[in-house]
Every structure is written in structure tokens, then in C-alpha cells.
Amino acid sequence: MSVINQNQIGVVGLAVMGANLARNLASRDLQVAVYNRTQSKTEDLEKTWYQDQQDNPSYQGGLYGYQDLESFVMSLQRPRKVMILVKSGNPVDDVIDQLLEYLEPGDIIIDTGNSNWKDTQRRLSQLSEKQIRFVGCGVSGGEEGALRGPSLMPGGDLEAVQEILPYLQKIAARDFQNQACTTYVGSGAAGHFVKMVHNGIEYSIMQGIAEIYDLLKGCGLSTEVIQKHFKDLNSGLLESFLLEITVDILGTKDGDEYLVDKIKDQAKAKGTGGWTVEAGLEFGAYIPSIAESVFARTGSSRNQRFIINRDEIYTHISLNKLTNFEELLHQTLDGVYLASYLQGLDLIALANQEKNWGIDLNEVIRIWQGGCIIRSRYLEKLPQIWNSTDQEFTQKAAMKMLMNGTNTPTPVISSCYNYLQTIQAQYLPTNLTQAQRDYFGAHTYKRVDQEGDFSGGWS
Ligand code: 2AM
């Protein structure tokens, strides 16, 4: 295929995410050019698309593979729109450099990978010098989402985003009002920053779910019964993607046993959770359960030297002493979802304030309602909670009660509990901390009864 100036959008990088996004675009009647460094992937995708068309004769779009980058770029309508989906880090810069040989001023590069927001900021300014318009676009939903409808978080050059938004709207998931789960998130690195925080929230909720699973296992319940509990939990505000997949996972057998029981407990991470914690430190955001969830994965590779039989030292919740166990579980997980979302929103709000990205948090919450990993019914109620000033987070009582019944480690449930307690505390003991800092280092303190900075006065 070497038609010039014909395709509406191009995709570079055809591993599963890139291939699925390209298929999604083509299935929405768009003419899509595709290119991959290793040509066999381009050919595989062409075959898959051929099959897609056989299965869906109504498809009007096209997907065209190119063997070299030049003819790929030349095949695109101007201003050219090129999505790149390669490994984050140096490969993104490599591909951008290669594209620059053929792109012209006004063309648009959309980085749909999981790039670090600081790289996005750097690329924006480097590319604006060359009059190439750059969009850092967060994508959530995994492989299935990329194919059937992800949540798309584009940020950067406003006009460029407005030009690609009609395409993004076609391929995105739908929110609770059936609107596309995409919007102009904000200027600069807003898109990738919001995606990163999404992942931080995801880590925290996932670890919270794992801790509930651990508590239920500790009670001596079978996987079948635990699955039933998660089915019940997946209702009301907690109706969510992560609980849906947990139910599926807990129902999956490998031979006579459950597959989950055959999986090693060492959790891996690709880095976005850690980046969120770094950003929390940088912007002064209070995100304890996100931090705990990142360290819970690190901690799962604990030093085997110290291992002892946990069944001998852990105490468990006695189910027969609790009449309202299911309600306690529901309230506890509710507290985890709430605290995780609030921490993420707080971090975005602080970064937004400092960077002036112009992020509308209600829009962020809306575009997370469909397609993405942290989607849940909670997101319908979250704006009301986020914008309110007077309400008590009643989940705390259940969280406390559940944790009191056991000494199983619950880093995320505990930190969500502490988070909710802390943000609702009329006063904290940090007056003493300030006093100590001033006592040994003359770091000064503020007084409740007078304006200004004070030091000394110690006997
Ligand atoms: P490949 O198939 O040739 O390896 C995810 O790894 C995707 O990123 C793949 O499509 C991969 O191409 C692509 N990729 C990784 N590093 C790259 C680079 N330096 N240049 C171009 N594509 C790259």
C-alpha cells in the first residue's frame, strides 16, 4: 500500500496494546496506517484485521501496513497524526527522532504509552521548538480496553487534542451517561500525570482487595466461599472492574485446584505506582495507602530467612462472633475505595495547582467511569464527596472492628483507616513535632493564638 495522503491516523508500535488500538480505530470506520520496527508484527496485524473484517462485514475502515517509516508517514493526511505505542523511556525518544525526519511543522505526535510525565514535559518543549505538536495521552483498560474501548487521557497541545478528539471519542469507552471516556485533560504533562495517578489508585485498591482475600482465607474459608463474598461485595458503589476480575480469578481452576493457589506470592510492578509516590513527595500530597501498596509489592519479595509458619502466629477473625460480617467487609472495602480515590484526587489537585495544567477533576472522575481498571460505581458519587465540606466517613468504624479481630498484616486497610481518621481530625499531635523541631533545630513554629513565626521559649 503506498497511497499518499490518504490515511487519517497512523500507529507506530504494534505490540498488543498498539495493535489493539489500531484495530479499534479501524473498526470505527477510520483509515489507519500501521508500522512496527519488526515487520512480522505488521503482517500479523494485517491478518488479524482481515479476520476482523470477515467477522464484521459492516466495517468501513481500513488498516494498512507499511514496511518503512517514510511511506508510513507519507500515507497520512496533513496535518499528520501519529500515535506511538512503544516501550516507555528511550524507545519513545528513538521513535520520535525517526519520525522527525519525515514530519512537518503542524503535524501531531500522540504518545499513548505509559510515559513518565516528566519525559512528556521534556518532549513537549523539545518538539514545540520544531513546531511539532505533542500530545501525552494516558490509556487505561489493558489489552481488552484498547480493543473495545479504553479510558483516554490526552493532555498537552490544546489545538492538537481538539483535532484528534473526534477520533478518540470514537474509540473510547462510555461513561454512565453514555458519553465518551475522554476529554482534554489539561496542558503540559497533565494526561500522563493523571494516568500515573490512576495507576497509583489502582495499586492501592488492588492491595486492599488482596488484604480482604487474606482475611477471609485466614478465617478458614474455602476459595469457593471467598469467591461468593467477593460476588456480594461487587455491588452498589463497589461494583467495579477490579472486583469483577477478582470473582473470575477465584472461580478459575487449574486441574483440580484453583489457579490462584498455584501462583507465587511475589508481586511485580512496572513503576507507575512508585512514580506516583515520588510525585506525592514532590507535591506534598498525603497518599499513604498508595505508598503502602507500592511497598506491599516490594515487601512480597521479603527475605526468606525470616519466614515462619504464619498459621502459628496469626490470629483470625472469629466469624461466629460477628453477626454483621458481610456488612463489615463491605464497609471496609468501601473505606479502601474512598480513601484511595481521595488520595489520588488530592495529588492531582496539588500538582495542577503548582503546574497550572487547568485540570477539571470532575472531568477526570467522569472519564474513569468506563473502560479503565479503576472504574467503579463509586465514581458516580465521588464528585459529591470530593466537593463536600461536612460529612463523616462512617466506614472507619467497620475498618477498625475488622482489623481488631486479627493480626494479619493489612497495610492498605490500616493506612486507609489512618488516612480517613487523619483528614477528619480536628487537631493532630504535630504541635509536639513542631515543638521538638524548634527545640533541637530552631526550625520555628506557628502559634494558634498569634500570627507570625516563633522560636524558643523552652525551659
Ligand atoms: P518490535 O516489535 O520491533 O520489538 C513494545 O515493545 C513495542 O515497542 C514493540 O512494537 C517494539 O517493536 C517497539 N519498540 C521497542 N523499542 C523500540 C525502538 N527503539 N524503536 C522502535 N520500536 C521499538
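Some points to look at:
- The set of residues in the stretch 15-39 that are open to solvent by less than 10 Å² (accessible area, probe 1.4 Å) and in a loop (DSSP other than H, G, I, E, B) contains only Leu30.
- All of Thr48, Thr42 fail the test of being of a type in the set (Ser, Thr, Tyr), open to solvent by less than 30 Å² (accessible area, probe 1.4 Å) and under 27 Å from Gln169 (Cβ atoms), apart from Thr42.
- The set of residues from the stretch 211-237 being surrounded by 20 or more Cβ atoms within 10 Å (Cβ to Cβ), under 23 Å from Tyr378 (Cα atoms) and among the hydrophobic types (A, V, I, L, M, F, W, C) comprises Ile212, Ile226, Phe230, Leu233.
Here is a yes/no grid of residues against (1) of a type outside the set (Gly, Ala, Ser); (2) closer than 25 Å to Cys416 by Cα:
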site	(1), (2)
Leu243	yes, yes
Thr246	yes, yes
Glu257	yes, no
Glu282	yes, yes
Ser293	no, yes
Thr298	yes, yes
Thr315	yes, yes
Asn320	yes, no
Thr323	yes, yes
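- Evaluation of Tyr64 against (1) within 16 Å of the ligand (Cβ to nearest atom); (2) in a strand (DSSP E or B) (one fails), failing number: (1)
- Taking each residue of the stretch 26-50 that is farther than 21 Å from Gln77 by Cα and charged (D, E, K, R) and looking for partners that are part of a helix (DSSP H, G or I) and open to solvent by less than 10 Å² (accessible area, probe 1.4 Å) with beta-carbon atoms closer than 9 Å, six or more apart or interchain, yields Lys41/Gly18.
- Residues in the stretch 67-89 that are open to solvent by less than 20 Å² (accessible area, probe 1.4 Å) and either assigned to a helix (DSSP H, G or I) or among the hydrophobic types (A, V, I, L, M, F, W, C) (or both): Leu69, Phe72, Val73, Leu76, Val82, Met83, Ile84.
A quick yes/no check of all residues on (1) within 28 Å of the chain's Cα centre (by Cα); (2) within 16 Å of the ligand (Cβ to nearest atom):
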residue	(1), (2)
Ile9	yes, no
Leu21	yes, yes
Val32	yes, yes
Thr48	no, yes
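- Among the criteria (1) open to solvent by 10 Å² or more (accessible area, probe 1.4 Å); (2) closer than 26 Å to Ala349 by Cα; (3) assigned to a loop (DSSP other than H, G, I, E, B), the one Glu202 does not fulfil is (3).
The values are calculated or read from the model by the stated rules, or taken from the named source; none is laboratory data. Bear in mind that the values here come from a model prediction, so they are computed numbers and not experimental data. Methodologically, a virtual Cβ is constructed for each residue, glycine included, from the backbone with ideal geometry; neighbour enumeration extends over all protein chains shown. The protein model used for the area step is the full one, side chains on, heavy atoms only, and it has no ligands, DNA or RNA in it. Shrake-Rupley method; radii C 1.70, N 1.55, O 1.52, S 1.80 Å.
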